[in-house]
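Note sheet for the following structure.
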Amino acid sequence: MIDAQGFRANVGIILSNRQGKVFWAKRIGQQSWQFPQGGIREGEDAQAALYRELEEEVGLRPEHVQIVASTRNWLRYRLPKRYIRRHRQPLCIGQKQKWFMLQLVAPESCVRFDATEKPEFDGYRWVDYWHPVDEVVFFKRQVYRRALDELSDYLQSGSTA
């Protein structure tokens with residue numbers, strides 16, 4: 001779903017463990033790392049997309065996690081010009097994301113990357129909360145910082161939304 005401004009609707013997932021670390025996933029066959037994320041399909045709400053993407057990308061089902069909080073508004077980032085597919089319509093210039101913070105409540109062994117025929121990730125590690133801002137691809141850094149900043153109190157306090 002691409003809006004009138006050219007932004008694709010998407011969910012971002014910050015998964016935390018009981019030690020306050022966040023799930024940092026390695027893109028398959030690459031040395032690039034990111035939070036799980038994915039597009040919202042036509043007729044799907046953000047929470048439904050969250051659960052679908054979570055299962056597709058890391059094998060976790062709704063009963064494996066607890067939603068702790070989400071961003072109040074859409075957070076947007078623009079794609080660098082070299083990544084814009086100008087031959088496709090509607091033109092997508094970036095993503096608008098609704099971010100969710102989740103708590104893993106199941107054993108870590110529930111994480112798996114073979115839930116789909118085309119996995120996106122082939123590894124992961126648990127990292128300090130702010131680590132992803134320094135390591136994610138450059139054009140996503142600002143949106144990561146904004147999402148982490150908005151949701152940081154929920155990780156520290158352990159409160160639920």
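The values are calculated or read from the model by the stated rules, or taken from the named source; none is laboratory data. This one's a predicted model, so the numbers in the text were calculated from it and none came from an experiment. Neighbour counts run over all protein chains shown; Cβ positions are idealised from the backbone, glycine included. In case anyone asks, the SASA skips ligands and DNA or RNA and just uses the protein heavy atoms, side chains included. Shrake-Rupley method; radii C 1.70, N 1.55, O 1.52, S 1.80 Å.
Taking region 51-126 as the region of interest, the strands (runs of 3 or more DSSP E) fully inside it that hold 1 or more residues being among the β-branched types (V, I, T) are 65-70. Return the total of residues in region 33-70 being of a type in the set (K, R) and open to solvent by 50 Å² or more (accessible area, probe 1.4 Å). Within region 33-70, residues that are of a type in the set (K, R) and open to solvent by 50 Å² or more (accessible area, probe 1.4 Å) number 2. Filtering region 114-134 to residues that are open to solvent by less than 60 Å² (accessible area, probe 1.4 Å) and modelled with pLDDT of 95 or more leaves F121, G123, W126, V127, Y129, P132, V133. Pairs meeting the criteria (first residue in region 127-141 and without any contact (Cβ under 8 Å) to a residue 24 or more places away in the chain and on the phi < 0 side of the Ramachandran plot, second residue of a type in the set (G, A, S) and open to solvent by less than 60 Å² (accessible area, probe 1.4 Å), beta carbons under 9 Å, at least 6 apart or on different chains) are W130/S152. Within region 4-19, track down each residue that is open to solvent by less than 60 Å² (accessible area, probe 1.4 Å) and either among the hydrophobic types (A, V, I, L, M, F, W, C) or farther than 14 Å from Y77 by Cβ (or both). Listed by number, the residues that qualify are F7, A9, V11, I13, I14, L15, S16, N17. Checked against the criteria, E108 counts as over 15 Å from the mean Cα position of the chain (by Cα) and not aromatic (F, W, Y).
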